[in-house]
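Enquirer: Here it is: the structure, laid out below.
The values are calculated or read from the model by the stated rules, or taken from the named source; none is laboratory data. What you see is a predicted model, and the numbers here were worked out from it, not measured in a lab. Every residue, glycine among them, receives a Cβ derived from its backbone with ideal geometry; neighbour counts consider all protein chains shown. The accessibility values were calculated without ligands, DNA or RNA, using every heavy atom of the protein model including side chains. Shrake-Rupley method; radii C 1.70, N 1.55, O 1.52, S 1.80 Å.
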Amino acid sequence: AHHGVRLCPPTPSERIAVVGLGPLGQLSARLYALAGGDVLGVDVAAPRVARLAAAGVRAAAVTDSIAAAVRAAFPDGAQTLVDATGVPTLIDAVLEAGADKPWDDSPTRGLRYVIQGSYADSFSVSYNAAFLKETSFYLPRDQQRCDMEEVIRLIAAGRLLVRDLADVRDPADAPAVFRELQQKSVDLITIAFKWC
């Protein structure tokens, strides 16, 4: 998540919508907020929305459409979209939540779209939707050592809250945990096993 924020850093008070509030989305929203963005996290799962809000970042549930949820907070649309859904068929729906670029000589930057996650294969994008917003796509590959070191510094300084993102379980409970994860419980963000 930090690598994506570093590749596509926000300008002060930039409107940023993070779509999908699993582990990458939760961390992306929190890191963009720390970096000075005006952040809104959205998800269809109310528990994930509540978890982000409890961490001090504005969040909203998607009840109608992604664009409607984002534009309720940002009527002009988001200037940066962070797609942490992991669902390539949602890309065009997420694009609708982005700010339009005026057809004038204003120095307005086009929409930035960060794909925070991995897709198994190719994905397609509506050319016209991306073109009209003059969209730039960012595809962060992984973290680098500097990303890990900065995140550790933020956690150690108490600036980045992460304890609420992982349920810590006993390794003896692994079979039950994996069954629970297969149920795709929206209450779980991720699981850590306490080995010592």
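Enquirer: Going by what's in this entry, would Ala172 be described as among the aliphatic types (A, V, I, L, M), out of contact with any Gly (no Cβ under 8 Å at 6 or more places or on another chain) and over 21 Å from Arg48 (Cα atoms)?
Expert: Considered against the rule, which asks whether it is among the aliphatic types (A, V, I, L, M), out of contact with any Gly (no Cβ under 8 Å at 6 or more places or on another chain) and over 21 Å from Arg48 (Cα atoms), Ala172 comes out as yes.
Enquirer: If you don't mind, another one. Identify all residues within segment 1-26 that are crowded, with 24+ Cβ neighbours inside 10 Å and within 15 Å of Ile155 (Cα to Cα); write none if there are none.
Expert: Ala1, Gln26
Enquirer: What about Phe178, is it over 26 Å from Gly36 (Cβ atoms), open to solvent by less than 60 Å² (accessible area, probe 1.4 Å) and either touching a helix residue (DSSP H, G or I) at 6+ places or on another chain (Cβ under 6 Å) or of a type outside the set (Ser, Thr, Tyr) (or both)?
Expert: For Phe178, the condition - over 26 Å from Gly36 (Cβ atoms), open to solvent by less than 60 Å² (accessible area, probe 1.4 Å) and either touching a helix residue (DSSP H, G or I) at 6+ places or on another chain (Cβ under 6 Å) or of a type outside the set (Ser, Thr, Tyr) (or both) - is not met.
Enquirer: Can I ask one more? Going by what's in this entry, would Arg141 be described as within 25 Å of Ala60 (Cβ to Cβ), open to solvent by 90 Å² or more (accessible area, probe 1.4 Å), at pLDDT below 95 and not aromatic (Phe, Trp, Tyr)?
Expert: When the stated conditions are applied, Arg141 does not pass them.
Enquirer: Show the residue pairs that are 6+ apart or on different chains and have beta-carbon atoms under 7 Å apart, the first residue being within segment 61-75 and within 17 Å of Arg48 (Cα to Cα), the second being part of a helix (DSSP H, G or I) and open to solvent by 40 Å² or more (accessible area, probe 1.4 Å).
Expert: Partner pairs satisfying both residue conditions: Ala61/Ala46.
Every residue, every condition in (1) exposed (fewer than 15 other Cβ atoms within 10 Å of the Cβ); (2) touching a Phe, Trp or Tyr at 6+ places or on another chain (Cβ under 8 Å); (3) without any contact (Cβ under 8 Å) to a residue 40 or more places away in the chain, yes or no:
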residue	(1), (2), (3)
Thr80	no, yes, no
Leu95	no, yes, no
Tyr113	no, yes, yes
Ala156	yes, no, yes
Arg163	yes, no, yes
Asp173	yes, no, yes
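Enquirer: Looking only at segment 116-138, filter to residues that are within 15 Å of Gly86 (Cα to Cα) and in contact (Cβ under 8 Å) with a residue 40 or more places away in the chain; which one of those is surrounded by the most Cβ atoms within 10 Å (Cβ to Cβ)?
Expert: Gln116
Enquirer: Quick one: is Gly37 out of contact with any Asp or Glu (no Cβ under 9 Å at 6 or more places or on another chain), at pLDDT 95 or above and not polar (S, T, N, Q)?
Expert: No: the conditions fail for Gly37.
Enquirer: Another one. Only one of these conditions is not met by Ala84: (1) open to solvent by less than 60 Å² (accessible area, probe 1.4 Å); (2) touching a Pro at 6+ places or on another chain (Cβ under 6 Å); (3) not basic (Lys, Arg). Which number is it?
Expert: Against the list (1) open to solvent by less than 60 Å² (accessible area, probe 1.4 Å); (2) touching a Pro at 6+ places or on another chain (Cβ under 6 Å); (3) not basic (Lys, Arg), Ala84 comes up short only on (2).
Enquirer: Name every residue in segment 8-20 that is touching a strand residue (DSSP E or B) at 6+ places or on another chain (Cβ under 8 Å) and more than 14 Å from Leu81 (Cβ to Cβ), in order of residue number.
Expert: Scanning segment 8-20 gives a single hit, Ser13.
Enquirer: Return the only residue of Ala17, Ala54, Ala67 being more than 20 Å from Ser136 (Cβ to Cβ) and of a type in the set (A, V, I, L, M, F, W, C).
Expert: Ala54
Enquirer: Sort out which residues of segment 144-178 are within 30 Å of Val94 (Cβ to Cβ), at pLDDT 95 or above and not basic (Lys, Arg), and write them in order of number.
Expert: Cys146, Asp147, Met148, Glu150, Val151, Leu154, Ile155, Leu160 - these are the residues of segment 144-178 that are within 30 Å of Val94 (Cβ to Cβ), at pLDDT 95 or above and not basic (Lys, Arg).
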